[in-house]
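One structure is given here, and the rest of the page talks about it.
The values are calculated or read from the model by the stated rules, or taken from the named source; none is laboratory data. Computed from a prediction, not measured in an experiment: that's the story for all the values here. So basically every Cβ, Gly included, is an ideal-geometry build from the backbone, and we count neighbours across all protein chains shown.
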Amino acid sequence: MSGHTHSSAEKGLRIAGFRDEQIRRLDVDGSFAIKADDFARQVKIDTDNGLIPAFICATIGTTSSLAIDPVREICEVANKNQIWVHVDAAYAGSAAVCPEFRDLLDGVELVDSYCFNPHKWLLTNFDCDLFYVANKPDLVNALTITPEYLRNKATESGQVFDYSGWQISLGRRFRSLKLWFVIRHYGVEGLRAHIRKHIELAEHFESLVESNSSYEIFQPRVLNLVCFRHKNGNEKTKQILEKINSEGKIFLTHTILDEVYVMRFVPGAIHTEMRHIDAAWAEFVKAAE
Ligand SMILES: Cc1ncc(COP(=O)(O)O)c(C=O)c1O
């Protein structure tokens, strides 16, 4: 993983029994994406030392800046060394419903597992994660335990999937039902329109930032995330964010990228329209005065 991988990956590794000293944080490039050559270098160092690199989590759309790790290049190294590649596309994965953003998933056909969360950006209530695994027995054989009281004909005849063998907990809620309703209600074109609208709103916000002399874009926009800051630096940017959030009209989060305090503007709510973006921007203009 890298320093930009979501903390849930590290938590998962801890649950799986990995210790801190067994986890490597790979170098990132200028866009905060993992450097595939650093991964290759690290794999070589570890294998030369008799260790067995076992797992890498790549991210399509990191939490802080929506950086896209180079999945295809990572897989080239990982597949040669029998390293499980998991891709976390929790947020950005929803954009792949639009053909024009499918490139985001370049290389995903080579990975061992992939997930994204429709509850983040695909109109589905919390919680709902789609998890894909390339070779089902790898997962199911690792997690299936069938005591007598769980035995039943439907599972044993292969008539049903027994999802207790796909996850940590035994039981699970019927989350796919609500996603099914979302898909039926909006249709594929409705889902695409939803994603495209937010990206258009973000493009508009980005152009407003670019045309203003007090603010600057810190990192080129990816999808609907605009990372920007006040030109006077960290303290001023932080003051602005705190002032705006304390007034309660809009709410936004921040991150730190290369020691730079950055505000994150993400239009992603169902009812957000262009007029809301203009109203939000007016708050930034006022706060910078
Ligand atoms: C890339 C990424 N992975 C995982 C998560 C965790 O998602 P959740 O809290 O919905 O499980 C997030 C949340 O922001 C994320 O951005």
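Tallying residues that are buried (at least 16 other Cβ atoms within 10 Å of the Cβ) and either on the phi > 0 side of the Ramachandran plot or touching a strand residue (DSSP E or B) at 6+ places or on another chain (Cβ under 6 Å) (or both) within segment 130-143 yields 3. Evaluate the following for residue 221: is it out of contact with any strand residue (DSSP E or B) (no Cβ under 6 Å at 6 or more places or on another chain), under 26 Å from residue 92 (Cβ atoms) and in a strand (DSSP E or B)? For residue 221, the condition - out of contact with any strand residue (DSSP E or B) (no Cβ under 6 Å at 6 or more places or on another chain), under 26 Å from residue 92 (Cβ atoms) and in a strand (DSSP E or B) - is met.
Being outside the structural domain of residue 268 (by TED's automatic domain parsing) and farther than 18 Å from residue 198 by Cα is the requirement here; does residue 117 meet it?
Values: outside the structural domain of residue 268 (by TED's automatic domain parsing): yes; farther than 18 Å from residue 198 by Cα: no.
No; evaluated as a whole, the condition is false for this residue.
A count restricted to segment 237-256 and to residues that are touching a Ser or Thr at 6+ places or on another chain (Cβ under 9 Å) and closer than 14 Å to residue 285 by Cα stands at 1. On the stretch given as segment 258-289, residues that are buried (at least 17 other Cβ atoms within 10 Å of the Cβ) and closer than 18 Å to residue 64 by Cα total 8. Given the condition more than 16 Å from the ligand (Cβ to nearest atom) and of a type outside the set (Phe, Trp, Tyr), answer yes or no: does some residue in segment 167-174 qualify? So far as segment 167-174 goes, yes, one or more of its residues are more than 16 Å from the ligand (Cβ to nearest atom) and of a type outside the set (Phe, Trp, Tyr).
Anything in segment 31-71 that is at positive phi and aromatic (Phe, Trp, Tyr)? List them, or say none.
Correct list: 32 only.
Condition check ((1) modelled with pLDDT under 95; (2) aliphatic (A, V, I, L, M)) across all residues:
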{"residue": "82", "(1), (2)": "no, no"}
{"residue": "101", "(1), (2)": "no, no"}
{"residue": "105", "(1), (2)": "no, yes"}
{"residue": "116", "(1), (2)": "no, no"}
{"residue": "121", "(1), (2)": "no, no"}
{"residue": "128", "(1), (2)": "no, no"}
{"residue": "132", "(1), (2)": "no, no"}
{"residue": "140", "(1), (2)": "yes, yes"}
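Scanning segment 73-107 for residues that are among the charged types (D, E, K, R) and surrounded by fewer than 22 Cβ atoms within 10 Å (Cβ to Cβ), we see that the one that is farthest from residue 185 (Cα to Cα) is 80. Among the conditions (1) under 26 Å from residue 190 (Cα atoms); (2) not in a helix (DSSP H, G or I), residue 277 misses just one, which is (2). Does residue 110 qualify as being surrounded by fewer than 21 Cβ atoms within 10 Å (Cβ to Cβ) and not polar (S, T, N, Q)? For residue 110, the condition - surrounded by fewer than 21 Cβ atoms within 10 Å (Cβ to Cβ) and not polar (S, T, N, Q) - is met. Put simply, of 16, 36 the only residue that is modelled with pLDDT under 95 and either within 23 Å of residue 105 (Cβ to Cβ) or of a type in the set (Gly, Ala, Ser) (or both) is 16.
Identify all residues within segment 53-64 that are part of a loop (DSSP other than H, G, I, E, B), surrounded by fewer than 23 Cβ atoms within 10 Å (Cβ to Cβ) and within 16 Å of the ligand (Cβ to nearest atom); write none if there are none. Once the filter is applied, which keeps residues that are part of a loop (DSSP other than H, G, I, E, B), surrounded by fewer than 23 Cβ atoms within 10 Å (Cβ to Cβ) and within 16 Å of the ligand (Cβ to nearest atom), segment 53-64 yields 63, 64.
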